1. Just one of A:Ala302, A:Ala328, A:Ala323 is within 25 Å of A:Leu379 (Cβ to Cβ) and in contact (Cβ under 8 Å) with a residue 40 or more places away in the chain; which is it?
2. Please tell me if A:Ala328 is in a helix (DSSP H, G or I) and of a type outside the set (Ser, Thr, Tyr).
3. Residues of the range A:112-130 being surrounded by fewer than 18 Cβ atoms within 10 Å (Cβ to Cβ) and either assigned to a helix (DSSP H, G or I) or of a type in the set (Asp, Glu) (or both), which ones?
4. Do we find that A:Asp362 is part of a loop (DSSP other than H, G, I, E, B), over 23 Å from the mean Cα position of the chain (by Cα) and either more than 14 Å from every other protein chain (Cβ to nearest Cβ) or surrounded by fewer than 21 Cβ atoms within 10 Å (Cβ to Cβ) (or both) in this structure?
5. Among the helices (runs of 4 or more DSSP H) confined wholly to the range A:159-259, which include 1 or more residues that are under 30 Å from A:Gln424 (Cβ atoms) and in the same structural domain as A:Gln425 (by TED's automatic domain parsing)?
6. How about the range A:386-434: which of its residues are under 21 Å from A:Ala202 (Cα atoms), hydroxyl-bearing (Ser, Thr, Tyr) and in a helix (DSSP H, G or I)?
7. Could you pull out the residue among B:Pro236, B:Pro208 that is in contact with a helix residue (DSSP H, G or I) (Cβ under 9 Å, 6 or more places away or on another chain) and surrounded by fewer than 18 Cβ atoms within 10 Å (Cβ to Cβ)?
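The values are calculated or read from the model by the stated rules, or taken from the named source; none is laboratory data. All figures in this text were calculated on a predicted structure; none of them were measured in a lab. Cβ placement follows ideal geometry from the backbone for every residue including glycine, while neighbour counts extend to all protein chains displayed.
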Amino acid sequence: MTSSPRRITALAMGVVAALALAACTGGSGNKPSSTQSGGVVQITLSHGYTDVEAKAVTAQVATWNASHPKIQVKLVFNGGNDGALQKTLAGLAAGSSPDIAYEYGSSMAALAGRSQVVDLSNRVKDSSFNWTDFYSFERDAATSSGKVYGVPALVDNLALVYNKKLFDKAGLAYPTESWTWDDFRTAAKKLTDASRKQYGWAYVADGSEDTTWRWLAMLWQAGGDLVSPDGTKAAFDSPAGLKATQLLHDMAVTDKSVYLDQGNGNYLNLFNSGKIGMLWTGPWDLSSINSDVSYGVQILPAAEGTHSSIAGPDNWMVFNNGAAREQAAWTFLTWLTSAQTHGEFTLATGDLPTRASETKLDSYTGYLAKYPGDAVFVLNLGNVTKARPNTKSYPQVSQAIGSQMQGVLIGQTAPQPALTAAAQQADTALASGQ
Amino acid sequence: MWWSDTLAGWAFISPTVLLIGLFGLVPVVWAFVLSFEQNDLISPGKWVGLDNYRKLLHDPAFSNSVRNTVVYTLVFVPVCVIGSLLVAALLNRRVRGITFYRVAVFIPVVTSTVATATMFNWLLDPDFGVVNAALNKVGIASQGFFRDPKEALLAIVLMTVWGWLGFGVIIYLAALQSVPADLLEAAAIDGCTRWRAFWRVEVPLLAPATLFLVIWLTINSLQLFDEIFVTTKGGPVGSTTVVVYYLYVQAFQFFNGGYASAIAYALFMAILVITAIQLKVGRRLSHGER
């Protein structure tokens, strides 16, 4: 704690220094493809995989390199995907980018349209690439202002994960795929036991995107939309928005059936110790559930008949380092994201398929047997009908909603005033034209 | 050969000068230029003159962050200074195992912020925390702490005082041990009680240490960031959004690099002025008392 408040200043200064240096050396723009020698093209791929995923991608790249002497791929670990955007941006400013990089879906807006980021629109049109095989929300998330800048690298979504033992104890039937919000609310209430500090549901209430995206799923279930079709105005201050916000209020404030996680991931520990009955979470949490906890996975409950879920697809993005390397990068990426190659990757890692045709591969049965919890998540991909908008003002819109929903969850703000305030802030952000 | 000495001198300090210049001065100047631009930190910026500074005056979220920072500083600094003084006085004596107590008091200072925050997150958890369990035992209702907009900033104060107390204690202990024993002896001979001697002899002699601590802690609390980042992320509902956290959000979440630089410079000026005033007033007070 000694030097603590200084650290961020130092960090910020460091980033600025890097940018300043880059400007001084005048290194922006494209570098010639200097790594060509004897017809061999060297490309780099930057990623943030660890553990099983790192092992799997390393093995796949080794296979590729062994069978493709003309295109050699070098893997570079980016230090963790949380910092990938910042690292990429610094690289762009310094004029040195990898040829392919793993980027969060939320980074799309910050990267799309920059001169070094390759517009893939024409390349994905090639019929052999079979672009429409990717789920439509994945394609939306890889697109910004009508142009394609990414190829889906990873996909996940939110589903209902529940503790079977707590349901049995409360004498409740397990959630079904025809559950409504009322069923969900009633169950959460019955699973709540104040004397045992046991809660029906957990909600991440730190006001970040974690708070916002779960609410977005509810907004879509109620038939609402985040922004107007032209993307210039907030559209969530609507009957659907109110319905979603009201549900949060009713469960967290009236029923007190919701554990409010402050963003530190306590909810998973509490789920493991049988203090929380249901979670809305993704496949990434399944590996952290203790083996002695018997859990089930079900699609999210519906309002207005739709069980909408939300996904945060991540992308591979290509950076311009000269025509030869760009072509090589695309050839490799086509192979890496093909149904066959990615199918092998999911079998090794438990990641979800990114292409619909992966579920028709012979290996898919083996995949389901190996990762039984994933079956519902794969099915649930069909419930992801909308994508978050890829606009530069999205982080501000997200923050406005997250902060107001936090107010609703802790009983500080009533649903309608919270919506009005969030919509006003979102309108300002959207109007600033970013 | 005077110049060869000079040359050697410069040669010795040049690595440091270069490094500090590169990572200290260049960014400082660069940020100053940025503060007059609309800049997303990547694309070439657009010169907007004083617009960023003008925007500061009309940004309710910024004034909210200033208010939170001021409240935090006004509570944190006095609590930390007085707390350190009392603990240092307790530790400034010969008792069995005094080294153990001194180490215990200092350990939080060298504990990483993230570890401290994780611990406090659990201690202060409204539902499962030890603190609320203890409060309930003595008949006090559960508190919201980080979850309650009215309490979150005070919970941050509690956490940071825990982390900083040892630092103040070390400074005061050093100062206390340099208080001449004959002064205290003279006071005792004149019939002064130990308690009066503490207030009338020791505390005034500690004035330089107090001045240093007040300035140091004020500068640090005006730059509060890590503890917020790892606990409340500025919430709930903006109640712990302090200036540097707001700067971070603007720079690295919204990519408004120019506006964030303007915030940084406003904060820099504020710290400069406050420190100058503290030095001036502090020096006058400590001279007046001697």
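1. Numbers: A:Ala328 fails: within 25 Å of A:Leu379 (Cβ to Cβ); A:Ala323 fails: within 25 Å of A:Leu379 (Cβ to Cβ).
Only one candidate qualifies: A:Ala302.
2. Numbers: in a helix (DSSP H, G or I): yes; of a type outside the set (Ser, Thr, Tyr): yes.
In short, yes.
3. Answer for the range A:112-130, where residues must be surrounded by fewer than 18 Cβ atoms within 10 Å (Cβ to Cβ) and either assigned to a helix (DSSP H, G or I) or of a type in the set (Asp, Glu) (or both): A:Asp119, A:Ser121, A:Asn122, A:Lys125, A:Asp126, A:Ser127, A:Ser128.
4. yes
5. The helices (runs of 4 or more DSSP H) meeting that bar are A:181-191, A:209-221, A:239-249.
6. A:Ser398, A:Ser403
7. Values: B:Pro236 fails: surrounded by fewer than 18 Cβ atoms within 10 Å (Cβ to Cβ).
Residue meeting the stated conditions: B:Pro208.
Matching residues to (1) in contact (Cβ under 8 Å) with a residue 24 or more places away in the chain; (2) more than 14 Å from chain A (Cβ to nearest Cβ):
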residue: B:Trp3; (1), (2): no, yes
residue: B:Ser14; (1), (2): no, yes
residue: B:Leu19; (1), (2): no, no
residue: B:Ser35; (1), (2): yes, no
